[in-house]
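K.L.:
The structure follows.
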Amino acid sequence: KERHRRASTAFFMFPLPVAEARMMEMDSVQPMLEESESAADGQHVSFDPVRKALRVAIAAVVGVAVVSFGLAMVGGFAGPRVQTAFDRSSGVMNAWEEFSEDSVNKIFQIQSIKEMDYMYADTEVTAGNSGIGNDFKVHIHNSKGQIRLQSFRGTYVYWEVKNGVWSLSLKTLGDGNFNGFIFYLENGGPTFQLLMGGSSVKVCRKEQGNGLVVATPAKPCWSTMADQWTFRDVTSYYDKNGVQNFGDGKNNRLHPWEDFSEDSVNKIFQLQSVTWHDYLYADTEITTGNSGIGTDFKVHMYNSKGQIRLQNFRGKYVYWEVNNGVGSLSLKTLGDGKFNGFIFYLQKGGPTFELLMGGSRVKVCRSGTGKGTKVGTPPEPCYCKGAGKWTFKDVTSLYDEDGVANFGNGKNNRIPCTVTTWTGKKCDGKQVETYHSSSVQEFKWNGGYQENDPNSARVTGVNCDKVEFYDEDRNRAGYGDNEWQHGEGCLKFPWDLQEDLGGLQIWAK
């Protein structure tokens, strides 16, 4: 208590230069507290309520003084940092402002909100097909609000009017009246309308089959959602050379699907829904949307490279069967069924697949609401075309060599996320305690060295998504004074959390 009294007294007695008052933040109080800390403080004592209240009161007074002084000098502070465009795991765009000429270092797909499939450009401009033709580079045209799209062949999407008929085509840059297809931002984003020269003519997804139609005031879109599109960043489908060479007419994507062989049992994959961007999940049953070890599969060959069977982390295989005309999925041991696992046929061009059940007419669809899958048939198809399409994601890096070899033994063999707390403020000094998890796990305590000694924490492991550190005041997830570390790194605890850690929660990928 005494060292905090001395520090706060010293702060209010010491005159603040005007220049420092403009720059000052809460962290500037910390060095004064540290200097006044006696070297004789060898033991750490838990903050009692009075000490805690004193710290909070000091922080509040200092904060008010600093903010008031700063506002008086500069008339206010800058607003919060703008959120980056593609910070969500799905890659779906949420900030138009990030489109710039640097966008040529990224690859995008343009997804139909109505059918949840993608625009496609190869020899013509259409929608519904899948493969390399779904991918585009974005170039600025006139301003950030207008862009032009380059296909994998290097041609650009153009619009034109002939004899009163609107159409789209693919041309080399400059080979037309306009420099590419012009997109205007729909207010609020990330949903866009693809407009042709103005706000009254727009591109719509067709109601039936694949393709696009042009809507005019006289002939509007068949649905209010058919003219809605969004961007998805798929740069991860490419390596550095693939991005650089995009537009040379070749398929420069990484091709993990072509590597499916019996060697695939040395890799771990996830199957991502094209519509919801979540994953197929198999534990006691087959569903979607859950996260964790149940999203991981090994791939085994069945008959040929175009047909595979999937093994889950418990060693069971995904099966399909039809009972009384109703198709369903289940998990069985190998050979315990009429068929040797669920059969996947490669969709031409990859990496998007349709998961077919014994033929091309029955497929697995992502449910339109909630979690889960449905079986699509000709009489009762998927709720939209994209719902019947999936892609593979290689997540072998979440495992070490033994983890891959032991996959299927019913355990979570992913590399754990590790959190180590330290007495020093830069993940140095003495190690306090270490915590491991390969899933989502909470660790809590009441007093003792785990609460009273830590001043920082280091998070390690490629499997680490985020870690929440609990302020002892409430000692629960979601409390406003808690601190977060996203991914790996060292977190220096703020003043209020130092030597006052009530618990933590690890989110492993």
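The values are calculated or read from the model by the stated rules, or taken from the named source; none is laboratory data. Small disclaimer: the values here were computed from a predicted structure and weren't measured. So basically every Cβ, Gly included, is an ideal-geometry build from the backbone, and we count neighbours across all protein chains shown. With ligands, DNA and RNA removed, areas are computed over all heavy atoms of the protein, side chains included. Shrake-Rupley method; radii C 1.70, N 1.55, O 1.52, S 1.80 Å.
K.L.:
Whole Å is fine, so just give me how far the alpha carbon centre of the stretch 442-493 lies from that of the stretch 418-432.
P.N.:
12 Å
K.L.:
Can you give me the C-alpha center-to-center distance between the stretch 287-338 and the stretch 380-414, rounded to a whole angstrom?
P.N.:
Cα centroid of the stretch 287-338 versus Cα centroid of the stretch 380-414: 11 Å apart.
K.L.:
Let me ask you something else. Using +1 at the C-beta of Lys and Arg and -1 at the C-beta of Asp and Glu, which of V432, L501, G461 has the Cα lying farthest in the positive direction of the dipole of the stretch 426-509?
P.N.:
Result: G461.
K.L.:
Okay, moving on. Under a 1.4 angstrom probe, counting protein chains only, how are C490, C204 ranked by accessible area, largest first?
P.N.:
Working: C490 55, C204 0 Å².
Sorted by accessible area, descending: C490, C204.
K.L.:
Here's another thing I want to ask about it. Measuring from a point 7 Å past the Cα of D102 along Cα-to-C-beta, which residues in the stretch 226-251 have an amide N at less than 17 Å?
P.N.:
233-236, 244
K.L.:
Which three extents, in angstrom, do the Cα atoms of the stretch 344-494 have along their principal axes, listed largest first?
P.N.:
65, 36, 28
K.L.:
Also: Near V404, within a Cβ-to-Cβ distance under 11 Å, what is the net charge of the other residues, with Lys and Arg +1 and Asp and Glu -1?
P.N.:
After counting each charged neighbour, the total is -1.
K.L.:
Given the whole protein assembly as supplied and a 1.4 Å probe, what does the accessible area of T287 come to in Å², nearest 10?
P.N.:
For T287, solvent-accessible area is about 20 Å².
K.L.:
Sticking with this structure for a sec: What spacing in nm lies between the two simple spin-label points modelled at N446 and N412, each 7 Å away from Cα in the Cβ direction?
P.N.:
Result for the modelled spin labels: 2.6 nm.
K.L.:
Which order do the peptides 133-142, 208-217 take when ranked by the mean count of other beta-carbon atoms within 10 Å per residue, highest first?
P.N.:
Most protected by this proxy first, the peptides run 133-142, 208-217.
K.L.:
Separate question: What FRET efficiency, computed as 1/(1 + (r/R0)^6) with R0 = 60 Å and r the Cβ-Cβ distance, is obtained for W484 and N251, rounded to the nearest 0.05?
P.N.:
Values: r = 40 Å, r/R0 = 0.66.
For W484 and N251, the calculated efficiency is 0.90.
K.L.:
At R0 = 30 Å, how high is the FRET efficiency between S223 and D465 if r is their beta carbon distance? Nearest 0.05 is fine.
P.N.:
The pair S223/D465 has a calculated efficiency of 0.20.
K.L.:
Next question. In the neighborhood of A508, defined by Cβ-to-Cβ distances under 15 Å, what is the net charge if each Lys or Arg adds +1 and each Asp or Glu adds -1? Mind dumping the intermediate values first?
P.N.:
Details: positive: K411, R414, K466, K509; negative: D296, D400, E442, D465, E468, E488.
For residues surrounding A508, the net value is -2.
K.L.:
Give the cross-link partners of K466 among the lysines, using a straight C-alpha distance below 18 Å as the criterion and excluding same-chain residues fewer than 8 apart.
P.N.:
Within reach: K444, K492, K509.
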